[in-house]
Structures are given as structure tokens and as C-alpha cells.
Amino acid sequence: MKQDQLKDWQPDQFDRFVRILEQDQLNHAYLFSGFFGSLEMAQFLAESLFCTDKVGVLPCEKCRNCKLIEQGEFPDVTLIKPVNQVIKTERIRELVGQFSQAGIESQQQVFIIEQAEKMHPNAANSLLKVIEEPQSEVYIFFLTSDEEKILPTIRSRTQIFHFKKQEEQLILLLEQMGLVKKKATLLAQFSQSRAEAEKLANHAGFWTLVDESEHLLTWLVAKKKKVICRLLN
Ligand SMILES: [Zn+2]
């Protein structure tokens, strides 16, 4: 997602971060709650740190660094996701080990942790020390759909930003992708992020499941009494 789109989708958060960048006050740790543009915002901020051809505080989106960050291939911007529903302590410890080393291409490093609520508590705790060493040029973005599941120790040490779902925008986008209004609305309500909606829009299996669920629901309603009686007997 380019910054123009990010600005359209999360105008308040975008403006807030531009002001933060202008005042050179980017914190070392943020908690982004909600998936709607949060990953893109973290990448935008990473680009603003590494871009070699900035326009004011804004990344150019054209230089080598910007392009590599957008593709998820820049060595000093690490994206961490759960494997089998968990972010292992070893993985985080390995990263903490890297903090003390100089960056591969520069002194700065950015870590973006997706579904941060799936971090093992020990993993989360080993990050706390890093967050509390502001002299390090490390920036961590914790991304979550449920901030209540994030350890209080992490929550209290990060600044929280909310990325609410923009349903109307998502319906429009899905219609532009060729979905009829009914399907676009259903998918927009169901999805937690733009990426998920885009992926499911072209997923034949998802729509088969939706059709089957509708049939099942209709059948259940029609046969409600009969089914309940059978279940009770
Ligand atoms: Zn750039």
C-alpha cells in the first residue's frame, strides 16, 4: 500500500505520524491494535527511517531501500509472524541477540511483530529490556487484533494506536475487484484486514463455504423444531 492510500484509509493516524516524524519524536516501541493498515503504517515508518531520497519527512517510495522494505526484503527491517500459532521464545531471543550487533546496512533496525498476542510470555519479557534501552537504534512495532491479550508489561511500555476497520472503504475496494455488492458487504464484515479480504475475494473455497453455510442455515431454520427434538432425544 502506498502512502496516498494509507492516508485515505487511516487519515487520522497518518497525520499523527507525519507530525511525529516532523518533530523527530518517533518512539522505540508502538502497539498497533487492529489490522486495518497497521502493517502498512509500520512499513511506511520503516521507509521513513531508511529512505535515501526523502521528501521532507516522507519516504520517496522509489529508492532501493523503500522498494526492498515494501517487498519485505530489506535486511534491517524484520517481519516476525507466528509459526503454528505461536511466536517462539527462541526466535525472539535470537532477535534480541541481533539488537546488540550493528545493523547489516546501518545502525538502525526495525522489527515488526505480527499477531504479537501469540508471543510466548517469556519471549515478550525478553523484549522488554530492549524497549527500555532507548540508546539503541531499534524500533519495534507490535501488531495485534486484540490488545487485551497483550501482556500488561508490554502495553505499559508502548504507545498504542488503533487501526479501526474502514468497512465502507473495503466494500468499495472489493466492488472494484469485481464482487457484487452483497458479496463485497459480507466479505468486508467478515475480514479483519484488507489483505485477508483480498485473499478471500478470489478464493473459490471460501465462497463455496459461504453458499453451503447459507444452505445449512436455511435448512436449520426450516427444520429447527425437528432438529432440536432429534438432538434432545
Ligand atoms: Zn526512498
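Here is how the numbers come out for the structure above:
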{"read-out": "Any hit, the range 174-188, residues being closer than 23 Å to G97 by Cα, open to solvent by 70 Å² or more (accessible area, probe 1.4 Å) and outside any helix (DSSP H, G or I)", "value": "no"}
{"read-out": "Matching option when the condition is of a type in the set (S, T, N, Q) and either without any contact (Cβ under 8 Å) to a residue 12 or more places away in the chain or within 14 Å of the ligand (Cβ to nearest atom) (or both), among Q43, Q13, Q107", "value": "Q43"}
{"read-out": "Subset of the range 46-77 (residues that are farther than 19 Å from Y139 by Cα and either crowded, with 22+ Cβ neighbours inside 10 Å or touching a residue at least 40 places away in the same chain (Cβ under 8 Å) (or both))", "value": "E61"}
{"read-out": "Extreme residue, most open to solvent (accessible area, probe 1.4 Å), among residues of the range 26-41 that are in a helix (DSSP H, G or I) and of a type in the set (A, V, I, L, M, F, W, C)", "value": "L39"}
{"read-out": "Among the residues listed as Q5, Q23, Q13, the single one being open to solvent by 20 Å² or more (accessible area, probe 1.4 Å) and closer than 21 Å to I140 by Cβ", "value": "Q23"}
{"read-out": "Qualifying position, being within 22 Å of Y30 (Cβ to Cβ) and not acidic (D, E), among F206, F163, F190", "value": "F163"}
{"read-out": "Test: residue in the range 79-89 that is within 16 Å of the ligand (Cβ to nearest atom), within 19 Å of the chain's Cα centre (by Cα) and either crowded, with 19+ Cβ neighbours inside 10 Å or among the aliphatic types (A, V, I, L, M) (or both)", "value": "no"}
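The values are calculated or read from the model by the stated rules, or taken from the named source; none is laboratory data. No experiment lies behind these values; they were computed from the predicted model shown. Note that each Cβ is placed from the backbone with ideal geometry, even for glycine, and that neighbours are counted across all protein chains shown. We work out accessible area using only protein heavy atoms, side chains counted, and drop any ligands, DNA or RNA first. Shrake-Rupley method; radii C 1.70, N 1.55, O 1.52, S 1.80 Å.
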